[in-house]
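> What follows is a structure written as structure tokens; I'll ask about it next.
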Amino acid sequence: MNDKTDDSDDGLKPRGGTERRVRADAQRNLDTLLQTAMAVFATSGVDAPVREIAEKAGVGIGTVYRHFPQRSDLISAVFRREIDACADAAPILSAEHEPFEALAAWMQRYAAFIAAKRGLAKALHSGDPAFDNLPGYFDQRLRPALRALLDAATAAGEVRADVDADDLLGAVASLCMSAHNAGSGRAERMVALLVNGLRYGAGQR
């Protein structure tokens, strides 16, 4: 990050409102910043100018540097945000859909996460120690999310009982990578076929 300048108003400072309102505003600004960074990284790569991210997020560039002094800090935060969003979708889908439909919808959400991850791949595989904890965070958040959906679908007799969450996560990732540049919607179709295959032998113990 070499385009560092300070800004006198980053949108995160009190302006006479309550502390709670300031915290809420600050969190919204941070969420917007990370969402914007993910979009910029996906289109322009992880070496995109920080100023571009700040401008598109509507915050001062000093805000970016106060939260993320190094580019690797920003990339790591973006990746964690994407992991959290994917994991948090599991209980929401479970509450809104029948077990198999919730599982199928989450697998497509996970496939979208894998597609987004490709924009960060260059940095994540750079050997930077800032990314050392990300694989563990990935497992900690996503494996239980999928396991809960699988257990519910299995208990409902909609999915075979011998499906392993780790295997399924890896299978979807492999399908999405192999479908890269193979045409719009191909990854989604392949993931749908995989998930439908989980019905084979369902209800058998």
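The values are calculated or read from the model by the stated rules, or taken from the named source; none is laboratory data. Since we're looking at a predicted model, the values are computed, not measured. Please note: Cβ atoms are built from the backbone with ideal geometry, for glycine as well, and neighbour counts cover all protein chains shown. For accessibility, only protein heavy atoms count, side chains too; no ligands or nucleic acids. Shrake-Rupley method; radii C 1.70, N 1.55, O 1.52, S 1.80 Å.
> Consider the stretch 123-137. How many of its residues are closer than 19 Å to Gly170 by Cα and of a type in the set (Ser, Thr, Tyr)?
Qualifying residue count for the region: 1.
> Follow-up question, since we're still on this one. Name every residue in the stretch 61-76 that is of a type outside the set (S, T, N, Q) and either open to solvent by less than 20 Å² (accessible area, probe 1.4 Å) or not in a helix (DSSP H, G or I) (or both), in order of residue number. Before the answer, list the steps.
Filtering the stretch 61-76 down to residues of a type outside the set (S, T, N, Q) leaves 61-62, 64-69, 71, 73-75.
Across the stretch 61-76, the qualifying residues are Ile61, Gly62, Val64, Tyr65, Phe68, Pro69, Leu74, Ile75.
> I'm trying to understand the selection: among the residues of the stretch 122-134, which are over 13 Å from the mean Cα position of the chain (by Cα) and free of Cβ contacts under 8 Å to residues at least 60 places away in the same chain? Can you show your working first?
Within the stretch 122-134, the subset over 13 Å from the mean Cα position of the chain (by Cα) is 122-133.
Those that are over 13 Å from the mean Cα position of the chain (by Cα) and free of Cβ contacts under 8 Å to residues at least 60 places away in the same chain: Leu124, His125, Ser126, Gly127, Asp128, Pro129, Phe131, Asp132, Asn133.
> Among the residues of the stretch 46-55, write down those that are surrounded by fewer than 19 Cβ atoms within 10 Å (Cβ to Cβ) and part of a helix (DSSP H, G or I). Steps first, answer last, please.
First, pick out the residues of the stretch 46-55 that are surrounded by fewer than 19 Cβ atoms within 10 Å (Cβ to Cβ): 47-49, 51-52, 55.
Answer for the stretch 46-55, where residues must be surrounded by fewer than 19 Cβ atoms within 10 Å (Cβ to Cβ) and part of a helix (DSSP H, G or I): Arg51, Glu52, Glu55.
> I've got another one for you. Give the residue that is modelled with the highest pLDDT, with candidates limited to residues of the stretch 1-45 that are outside any loop (DSSP other than H, G, I, E, B) and among the charged types (D, E, K, R). Please lay out each step first, then the result.
Quick first cut of the stretch 1-45, residues outside any loop (DSSP other than H, G, I, E, B) only: 19-44.
Then drop every residue that is not among the charged types (D, E, K, R), which leaves 19-21, 23, 25, 28, 31.
On the way: Glu19: 57, Arg20: 61, Arg21: 60, Arg23: 74, Asp25: 76, Arg28: 83, Asp31: 90.
The qualifying residue modelled with the highest pLDDT is Asp31.
> Which one of these is surrounded by fewer than 16 Cβ atoms within 10 Å (Cβ to Cβ) and under 24 Å from Leu194 (Cβ atoms): Gly58, Gly157, Gly127? Don't jump to the end; show me each part of the working.
Working: Gly58 fails: under 24 Å from Leu194 (Cβ atoms); Gly127 fails: under 24 Å from Leu194 (Cβ atoms).
Result of the check over Gly58, Gly157, Gly127: Gly157.
> Restricting to the stretch 173-192, and then to whatever is under 19 Å from Ala42 (Cβ atoms) and surrounded by 18 or more Cβ atoms within 10 Å (Cβ to Cβ), can you tell me which residue is modelled with the lowest pLDDT? Reasoning before the result, please.
Narrowing the stretch 173-192 to residues under 19 Å from Ala42 (Cβ atoms): 173, 176-177, 179-188.
Then keep just the ones that are surrounded by 18 or more Cβ atoms within 10 Å (Cβ to Cβ); that gives 176, 179, 187.
Values: Cys176: 82, Ala179: 61, Ala187: 84.
Among those that are under 19 Å from Ala42 (Cβ atoms) and surrounded by 18 or more Cβ atoms within 10 Å (Cβ to Cβ), it is Ala179.
> Checking Leu169 against (1) in contact with a Lys or Arg (Cβ under 9 Å, 6 or more places away or on another chain); (2) closer than 20 Å to Ala89 by Cα; (3) touching a residue at least 24 places away in the same chain (Cβ under 8 Å); (4) open to solvent by 20 Å² or more (accessible area, probe 1.4 Å): exactly one of these is not met. Which one?
(4) is the only condition that Leu169 fails.
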